[in-house]
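What follows is a short report on a single structure.
The values are calculated or read from the model by the stated rules, or taken from the named source; none is laboratory data. Being a predicted model, the structure only gives us computed values, none of them experimental. Note that we place each Cβ from the backbone using ideal geometry, even for glycine, and neighbour counts take in every protein chain shown.
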Amino acid sequence: MKKTIIASTLFALASSYSYADTLKLGHVYDVNHPWHKSAEEAARRVAEKTEGRVEIKIFPSSALGSEQELLEQVIVGGVDIVEVGSGQLGNIFKPIIITEMPYIFRDNEHLLQFFESETADKIFNDFHQQFNAHIVGSSTWGVRHVIGNKSITNPEDFNNFKLRVPEQAITMAYAKAMGSNPTPVPYSEAYLAMRQNMVDGLENPLGSIRSMKFYEVGNNLSLTGHVITAVHYVVNDNSLQSLSSQDKEAVLSVFKGMGRYTKNLVEKDDKNSLEFFKEQGVNIVEVDRDAFKEKTKKMSDDYKKNWSGYGDLYTEISNL
């Protein structure tokens, strides 16, 4: 009996960590969202790889601010690591909005292939040089669809439709190009905005619509599939430099390796969510995607000056 107790105590001591450094990670997502689960896995891997010398403490659900505020904080050093979408990054770093163009990517795998390319590395390095922060662990947030108080089957159905969008210039632009009336609302306030009819609907991936319970305030899910949104881990460089060289490389290595792990979580969640919506009696609407592609195709010409320094990215992405 005594040997069993001693063995159990030694095991507990050996498996516990006494952290020397703690890094704060903030995001806007619910704790059930795949990107929160990704953060939890990243924290576990960092603790394991640094043998307990580095702890990642996660602050979900906008606890440290909106996505815009999180981006500002990770640049100045108020937060060490954040999860931020390409649209938000595009507000301050224009080249990355190439990934927010409507219908540019065929699927999530296509998106990740671009993030694993040399061109993406150049874009991320330029961001680092300008803002003293690393873009790492880029992955999909899912394919965006529209949920709201009426069915959307073609661009004409968007007439006078107040579509909630993030406070991001590029998102407002593609929402307008699709025919809607874009209405910026913070993510944490989107549910209330729909419930109080401040907006007629919003556009999110399936898993996010489920985790944020948007289906409770909008019963029509229109499968527009207009944008495959990218989200990135952004790490403050000064926070990294405060670590030992070994632990710095470990942290970067872990987050750079999170792309495909997160993609798998998102895809599984999206598949399960569609079945869930059907069970809940949500009206699933098939749309004329060709009409939306035609409606938004000029955006690439309107915005290509933002990434022209990296060549013809549209052609490069198409050829991946």
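For residues that are in contact with a Phe, Trp or Tyr (Cβ under 9 Å, 6 or more places away or on another chain) and either loosely packed, with under 12 Cβ neighbours inside 10 Å or closer than 16 Å to M178 by Cα (or both), tally how many sit in the stretch 296-320.
Of the residues in that region, 4 qualify.
Does S66 fit the bill of being surrounded by 12 or more Cβ atoms within 10 Å (Cβ to Cβ), under 23 Å from V136 (Cβ atoms), among the polar types (S, T, N, Q) and at pLDDT 95 or above?
Against the criterion (surrounded by 12 or more Cβ atoms within 10 Å (Cβ to Cβ), under 23 Å from V136 (Cβ atoms), among the polar types (S, T, N, Q) and at pLDDT 95 or above), S66 does not qualify.
Condition check: in contact (Cβ under 8 Å) with a residue 24 or more places away in the chain, in contact with a helix residue (DSSP H, G or I) (Cβ under 9 Å, 6 or more places away or on another chain), within 30 Å of K293 (Cα to Cα) and in a strand (DSSP E or B). Does V84 satisfy that?
Against the criterion (in contact (Cβ under 8 Å) with a residue 24 or more places away in the chain, in contact with a helix residue (DSSP H, G or I) (Cβ under 9 Å, 6 or more places away or on another chain), within 30 Å of K293 (Cα to Cα) and in a strand (DSSP E or B)), V84 qualifies.
Does F105 count as among the aromatic types (F, W, Y), touching a strand residue (DSSP E or B) at 6+ places or on another chain (Cβ under 7 Å) and not in a strand (DSSP E or B)?
Details: among the aromatic types (F, W, Y): yes; touching a strand residue (DSSP E or B) at 6+ places or on another chain (Cβ under 7 Å): yes; not in a strand (DSSP E or B): yes.
Considered against the rule, which asks whether it is among the aromatic types (F, W, Y), touching a strand residue (DSSP E or B) at 6+ places or on another chain (Cβ under 7 Å) and not in a strand (DSSP E or B), F105 comes out as yes.
Does G225 meet the test of being closer than 25 Å to N154 by Cα, modelled with pLDDT of 95 or more, within 17 Å of the chain's Cα centre (by Cα) and in a loop (DSSP other than H, G, I, E, B)? It would help to see each step written out before you state the result.
Working: closer than 25 Å to N154 by Cα: yes; modelled with pLDDT of 95 or more: yes; within 17 Å of the chain's Cα centre (by Cα): yes; in a loop (DSSP other than H, G, I, E, B): yes.
Taking the combined requirement at face value, the residue satisfies it.
Within the stretch 274-291, does at least one residue satisfy the condition of being assigned to a helix (DSSP H, G or I), in contact with a Leu (Cβ under 6 Å, 6 or more places away or on another chain) and within 30 Å of R45 (Cα to Cα)?
no
Using the structure shown, decide if T140 is at negative phi, part of a helix (DSSP H, G or I), surrounded by 19 or more Cβ atoms within 10 Å (Cβ to Cβ) and touching a strand residue (DSSP E or B) at 6+ places or on another chain (Cβ under 8 Å).
no
Select from the stretch 74-126 the residues that are of a type in the set (S, T, N, Q), closer than 23 Å to K271 by Cα and touching a Gly at 6+ places or on another chain (Cβ under 9 Å) and list them in ascending order.
T99, N108
So which residues in the stretch 295-316 are touching a Ser or Thr at 6+ places or on another chain (Cβ under 9 Å) and either in a helix (DSSP H, G or I) or closer than 18 Å to H226 by Cα (or both)? Working first, answer last.
Initially, the stretch 295-316 is screened for residues touching a Ser or Thr at 6+ places or on another chain (Cβ under 9 Å), giving 310-311, 313-314, 316.
Within the stretch 295-316, Y310, L313, Y314, E316 qualify.
How many residues are small (G, A, S) and either within 14 Å of V28 (Cβ to Cβ) or touching a residue at least 60 places away in the same chain (Cβ under 8 Å) (or both) when one looks only at the stretch 164-195?
6
Taking the stretch 109-124 only, how many residues are closer than 30 Å to L223 by Cα, touching a Phe, Trp or Tyr at 6+ places or on another chain (Cβ under 8 Å) and either free of Cβ contacts under 8 Å to residues at least 24 places away in the same chain or not aromatic (F, W, Y) (or both)?
2
Only residues that are surrounded by 14 or more Cβ atoms within 10 Å (Cβ to Cβ) and of a type in the set (G, A, S): list them for the stretch 258-282, please.
Result: G259, S273.
Among the candidates L71, L89, L23, single out the residue that is at pLDDT 95 or above, part of a strand (DSSP E or B) and surrounded by 14 or more Cβ atoms within 10 Å (Cβ to Cβ).
One residue alone meets the criteria, L23.
Residue-by-condition table, conditions (1) more than 20 Å from L70 (Cβ to Cβ); (2) surrounded by fewer than 23 Cβ atoms within 10 Å (Cβ to Cβ); (3) of a type in the set (G, A, S):
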| position | (1), (2), (3) |
| --- | --- |
| E203 | yes, no, no |
| S208 | no, no, yes |
| S211 | no, yes, yes |
| Y215 | yes, yes, no |
| N220 | yes, yes, no |
| V231 | no, no, no |
| N238 | no, yes, no |
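Give me the pairs: first residue in the stretch 125-145 and of a type in the set (A, V, I, L, M), second residue part of a strand (DSSP E or B) and modelled with pLDDT of 95 or more, beta-carbon distance under 7 Å, and six or more apart or on different chains, which are they?
A133/V234; A133/V235; A133/N236; I135/H232; I135/V234; V136/Y233; V136/V235; V143/I228
Please tell me if E41 is outside any loop (DSSP other than H, G, I, E, B) and of a type in the set (D, E).
yes
Please state which one of S211, S253 is of a type in the set (S, T, N, Q) and over 24 Å from T171 (Cβ atoms).
S253
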